[in-house]
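The values are calculated or read from the model by the stated rules, or taken from the named source; none is laboratory data. Being a predicted model, the structure only gives us computed values, none of them experimental. For neighbour counting, all protein chains shown are included, and Cβ atoms are generated from backbone atoms with ideal geometry for every residue, glycine included. Heavy atoms of the whole protein, side chains included, go into the accessibility calculation; ligands, DNA and RNA do not. Shrake-Rupley method; radii C 1.70, N 1.55, O 1.52, S 1.80 Å.
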Amino acid sequence: MRVGVIGGGQLARMMIPAAIELGVDIRVLAESEGMSAEIAADRVGDYTDAATVLDFAREVDVITFDHEHVPQDVLAALVDAGVPVRPGPQPLAVAQDKILMRERLSELGLPVPDWAAVRSPADLEAFIAEHGGAAVVKTPRGGYDGKGVRVVRSAAEVSEWFAAIAEDGNDGALLVEELVDFRRELAQLVARRPSGEVSAWPIVETLQVGGVCSEVIAPAPRSAGRIADVAADIAVAVAEGLGVTGVLAVELFETTDDRILINELAMRPHNSGHWSMDGSTTGQFEQHLRAVLDLPLGGTGTHADWSVMVNILGGPVEGTLAERYPLALEGHPTVKLHNYGKSPRPGRKVGHVTAVGDDLDAVVYEARAAAAVFQD
Ligand code: ADP
C-alpha cells in the first residue's frame, strides 16, 4: 500500500508516523526543499504542474493532500490517468471556493450564516443595510488563517478586493455573510471511506486569536447532548452530501441564540483534530490514511475526560525549539510535544502540545504552560 501526499507541510509530516505504524509506504511531493515533511519527501516539485504530479502519482496507489490548493485541471489529469484521488476533485472544488461552498451547503439544507455573492459595492452596501449595518466579506479563494476575511461597515473597506475582481474580468464575486453573533467556535471532525463508512470524533471547542487557531478543548465543554448530536449530524451530512473521502473538518459557530452554523470546511486532517493523536484511540492522521486507503476506520473514543491542544505559534524569537527542550520536557513530563521541524517566525505554526487528563483546569494549565516555554 502506497500513499502519495501532495504538499510537504506539517499535516503531511504528521501522517508519516501513522503510516509507519500501519506499514503503509508514504511518499510526499513537497513544494520546496527543507519543508516540514522533508523526512518522507522523495520529490520536490510544483503541484500546479500536471506532468510533475502525474509522474509522482505513478509510484503510489492513492493520492491525498496536505492542503486543498491543487488546481482542478491537475486533479482531472490524475482522474483521467486512473489514479484514485481522495478527496476527489468535486468535493475539493467546494473546499477551494467559499462561494461554491455556501451554495452547496445551502442546497443540502445545512445551516450556514446568511450569505450572498456580491459583484459590486452597491450590492454589498445593500447586504450591509439589510443586516444591521455590518457584515463579513471574504475573498472566495486563497484565504487562510483569517487572511481574506474582513468585518466591514461599508463597501469602501474592501474597495481593493472589488478592484481585483474587476481586473480579473471573469465575472468574479466576493462572498458576504452576516456578522454572526457567536458564543464560541466549535469544530466537528469525521472521516469517511469511499465505501461509505463514516466515523466521528467528539465535537471540540476551538479558540482563535487574530484568525489563527490557538487552543482546542476536546470534547467541547457543555456540549453533551443536543450540540454534539447536531454537530455530528451536520458533519456526516456534509461528508456524504459532498462525497468527501478522508478526514473532514467542519468549523462551526455556536450562536448566542443557540444555533449551530457552518463556517468553514477543511477536507484533510485539521488543526482542530491534533488532540486526537494523543487523546483518542485513533488519531486523525491514522484515520485519514485508513479512510483514503478504504480500510476499516479506527475507534474514536478518548483516553481521558479531556484533551487540550495548544499551538506553538511563532516559537522562540532566537534559537530553535530544541534549545528549550530541557526546560519544557523536564517541567511538563505529561505533555506530548509535536515539533514540526519548521524555523521559528512570528505567527507561524511551528508545533503544538497536548495534555490529557480528567481535571479540565489542570489539563488546560499544563498545556498552556508547556507551550509557553517555547514562546517569548
Ligand atoms: P479562513 O479560511 O481564513 O480560516 P474563516 O472563514 O474561517 O477564514 O474565518 C476566519 C475567522 O473569522 C473565523 O474563525 C471567525 O472567527 C471569523 N468569522 C468568519 N466568518 C464570520 C462570520 N460570518 N461572522 C463572524 N465571524 C466570522
Subject >> Relative contact order (%) - the chain, alpha-carbon pairs under 8 angstrom, separation at least six >> reply: 13 percent
Original post:
Could you work out the helix-only [θ] at 222 nm for the chain, with each DSSP H run of four or more residues adding -39,500 (n - 2.57) and the total divided by the number of residues, to the nearest 500 deg cm²/dmol?
Top reply: -9500 deg cm²/dmol
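Hey, any idea what % of the chain's accessible area is carbon plus sulfur with a 1.4 Å probe? Kindly include the intermediate steps, with their values, before the conclusion.
Numbers: 7850 of 15620 Å².
That fraction is 50 percent.
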Subject >> Added length on full extension, which subtracts the Cα-Cα distance from 0.36 nm per residue, Ala362 to Ser195 >> reply: 56.0 nm
**OP:** Quick one: compute the contact order of region 260-376, relative version, from alpha carbon pairs under 8 angstrom and 6+ residues apart, as a percent.
**Re:** 28 percent
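Can you work out the accessible area per residue across the chain, with the rest of the protein chains kept in place, probe 1.4 Å, in square angstrom? Each step should come with its number before you reach the end.
Numbers: 15620 Å² over 376 residues.
I get 42 Å² per residue for this part.
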Original post:
Roughly how many whole Å is it from the C-alpha centroid of region 224-243 to that of region 1-64?
Top reply: 30 Å
**OP:** Give, in nm to one decimal, the length gained when the segment between Arg153 and Ala304 is fully stretched (0.36 nm per residue of separation minus the Cα-Cα distance).
**Re:** 49.9 nm
Subject >> Amide H contacts under 5 Å for Gln208, placed H, 5+ residues apart >> reply: Ser214
Subject >> Amide H within-cut-off set for Ile203, under 5 Å, with H built and near neighbours excluded >> reply: Ala220
Subject >> HN-Hα J in Hz across region 314-321 - Karplus 6.51, -1.76, 1.60, θ = phi - 60°, x for Gly and Pro >> reply: x, x, x, 5, 10, x, 10, 4
**OP:** With a/c under 1.5 counting as rounded, go ahead and sort the chain into rounded, prolate or oblate using the C-alpha gyration tensor (a ≥ b ≥ c being the square roots of the eigenvalues; past the cut-off, prolate if a/b is larger than b/c, else oblate).
**Re:** rounded
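In debye, nearest 20: dipole of the chain around its Cα centre with unit charges on the Cβ of K, R (+) and D, E (-)?
Values: 31 positive and 55 negative charges, 79 e Å.
Once rounded to the nearest 20, the dipole reads 380 debye.
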**OP:** Take the Cα atoms of region 138-238, find their three principal axes, and give me the spread along each one in whole Å, biggest first.
**Re:** 46, 34, 21
Original post:
With each pseudo-label sitting 7 Å past Cα toward Cβ, what's the Ala76-Ala163 distance in nm, one decimal?
Top reply: 3.3 nm
Subject >> Long-range amide H partners of Val112 with built H, under 5 Å >> reply: Ile262
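With the Cα gyration tensor of region 202-280 giving a ≥ b ≥ c as the square roots of its eigenvalues, does the rule (a/c under 1.5 for rounded; else a/b larger than b/c for prolate; else oblate) give rounded, prolate or oblate? Can you show the working numbers first?
Details: a/c = 1.33, a/b = 1.05, b/c = 1.26.
Here region 202-280 falls in the rounded category.
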Original post:
Along region 198-203, what does the Karplus equation 6.51 cos²θ - 1.76 cosθ + 1.60 (θ = phi - 60°) give for ³J(HN,Hα), rounded to whole Hz, x for Gly and Pro?
Top reply: 10, 9, 10, 8, x, 5
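Given a Förster radius of 30 Å and the C-beta distance between Arg2 and Glu240 as r, what FRET efficiency does 1/(1 + (r/R0)^6) yield to the nearest 0.05?
Values: r = 27 Å, r/R0 = 0.91.
Rounded to the nearest 0.05, the efficiency is 0.65.
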Subject >> Nitroxide proxy distance, nm - points 7 Å out along Cα→Cβ at Ala173 and Ser106 >> reply: 0.7 nm
**OP:** Would you please classify the overall shape of region 194-236 from the alpha carbon gyration tensor, given that a ≥ b ≥ c denote the square roots of the eigenvalues, rounded means a/c under 1.5, and beyond that prolate means a/b larger than b/c while oblate covers the rest?
**Re:** oblate
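So how much slack lies between Ala134 and Ser120, counting 0.36 nm per residue of separation and subtracting their Cα-Cα distance, in nm?
Numbers: separation 14, 0.36 × 14 = 5.04 nm, distance 1.64 nm.
Full extension from Ala134 to Ser120 adds 3.4 nm.
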